[in-house]
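Every number here is computed from the coordinates shown, using simple stated rules; none is lab data. Because the structure is a prediction, the values reported are computed rather than measured. All Cβ positions, glycine included, derive from the backbone under ideal geometry; neighbour counts span all protein chains shown.
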Amino acid sequence: MNFRLIKKGFYERSRNKKSFLYGITTNVILLGLTSMFMDVSGEIITAILPLFLSSLGAGAIAIGFIGGISDSAVSIFKIISGYLSDKTGKRKPFVIFGYAFSSISRFFIAISSTWPMILVFRPLERLGKGIREPPRDALLAETTKREVHGKVFGIHQAFDTAGAVIGSILALVFIATGLHFRSALMIAAVIAIISVVPLIALKEKVKKSREITLKIGLKGLSKRFKTFLAIVTLFALGNFSYFFFILKAQEVFNSYTTSIMLFVIHNLFYVAFAIPGGVLSDKIGRKKVLTFGYFLFAITFLGFALISSTLTEFIIIFALYGISKALVESNQRALASDLASKDLGMAIGTFHMVIGLAALPAGLIAGALWGYVSPSSAFLYGAVVSTIAASWFLFDKRIDV
């Protein structure tokens, strides 16, 4: 097989604006593969962890707290890693270290024997995510053309979610065959180590180090970017942890297998719509796609609040959950990259930080509503907040992108 001809053919197609490969670099593929393997590991944990926590005696508020603190506690590191990658002119070392740190931390989650131990190790695992995300997104943005950022981030999200599909299917197989939760989590940790391998071939144009000031806050950001951050923060306050979606299914069907099967369906729709959602935002604008995605999230939350006990209804709502996430998550990252005028790593770090900080109150509010009022009230809360955020996005003219 002539690999030179294959590489040449890929290069020529990537220069043809009508080709799907136009603007897609080797870095996009390598980072996509890493994200895929990491998410195979991550989705095994995602599907099993709420059930594992419940088996260890964690209640709704504890589960909500763990889900929220995991992202919030490490949010400050997102802007610090963005700042350091801007300052040093290097992205790759932070990306590799972040993925490696998460991989090692997952072994400690697997050996946890009480839910307070997971309360310690889960945020540590997410610390790696906080370190790697801003430099990774900045690297994706810097090594691709702005006109295809929606497609690029959509492709990255598709790799990520393909891993999520594989991981959730593996979790389903593990549960169906009676594998112990702890053994499944250990397998997930081993797969996470494999995810670091593609990063060895990652390429970057190292810039000269420069003197910049660490800005933890909104000073120096454009008005459009600040408005965007306010909207995504509001949305994040209602977009609480996936833990509750799995627990809702478990509460109704009392079946680990059914709960994880529904999460597999969510991931299948997620991966199916990730790239089309990104390409659509390149064509008609990110604001339109994100506004629709926010409204679809509101409909999904409302569906979970009103849903009864039929499997068909749950399949439809979990499918909508996957579609809405596909439209929102990658396009939020793409729009953040578009709106950031300078110090790209720090601006994206701020974006990730504010979403992470909102995760803790989102989880606590959802957990309190679930435990003290009803599960439906938690989802109604999410529906109301998502509707307000979508309406703000729709009518605010400062972010017409």
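Sorting 306-316, 78-88, 112-122, 244-254 by their mean Cβ neighbour count within 10 Å, with the most densely packed peptide first, gives 78-88, 244-254, 112-122, 306-316. As a proxy for reagent exposure, ranking His352, His180 by other Cβ atoms within 10 Å from fewest up yields His180, His352.
Neighbour counting of Cβ atoms within 10 Å sorts the residues Lys145, Lys90, fewest neighbours leading, into Lys145, Lys90.
Grab the Cα-Cα distance for Ser55 and Ser222, subtract it from 0.36 nm times how many residues apart they are, and report the gain in nm with one decimal. So the chain would gain 55.4 nm between Ser55 and Ser222.
Of the residues Val120, Thr88, Ile284, the one whose Cα sits farthest towards the positive end of the charge dipole of the chain is Thr88 (charges of +1 on Lys and Arg Cβ, -1 on Asp and Glu Cβ, taken about the Cα centre). A crude spin-label estimate for the pair Ser376 and Lys203, with each label 7 Å from Cα along the Cβ direction, gives 5.8 nm.
Please work out the Kirkwood hydrodynamic radius for the range 244-299, using every pair of different C-alpha atoms, and report it in angstroms with one decimal place. Taking every pair of different Cα atoms in the range 244-299, averaging 1/r and inverting gives 13.0 Å. The angle between the Cα long axis of helix 149-176 and the longest principal axis of the Cα atoms of the chain comes to about 30 degrees, rounded to the nearest 10. So what does the Cα-only Debye profile of the range 225-381 read at q = 0.18 Å⁻¹, as log10 I(q)/I(0), no solvent term? With one equal scatterer per Cα and no solvent, log10 I(q)/I(0) is -1.12. Of the labelled options (1) 31, 24, 22; (2) 66, 29, 15; (3) 57, 21, 16, which one gives semi-axes √(5λ) of the Cα gyration tensor in Å as computed for this structure? Correct label is (1). Charge dipole of the chain (Cα centre as origin; +1 on each Lys and Arg Cβ, -1 on each Asp and Glu Cβ, all else neutral): 1860 debye, rounded to the nearest 20. When the range 220-304 is described by a simple charge dipole with +1 on each Lys and Arg Cβ and -1 on each Asp and Glu Cβ, the residue from Ala298, Leu221, His266 located farthest towards its positive end is Leu221.
When the helices of the chain are scored as -39500 (n - 2.57) per DSSP H run of n ≥ 4 and the total is divided over every residue, the value at 222 nm lands at -27000 deg cm²/dmol. Using a simple spin-label model with pseudo-atoms 7 Å out from Cα toward Cβ, Glu142 and Val120 lie 3.7 nm apart. For Ser330, neighbours were defined as the other residues whose beta-carbon sits under 14 Å from its Cβ, and their charges (Lys and Arg +1, Asp and Glu -1) total -2.
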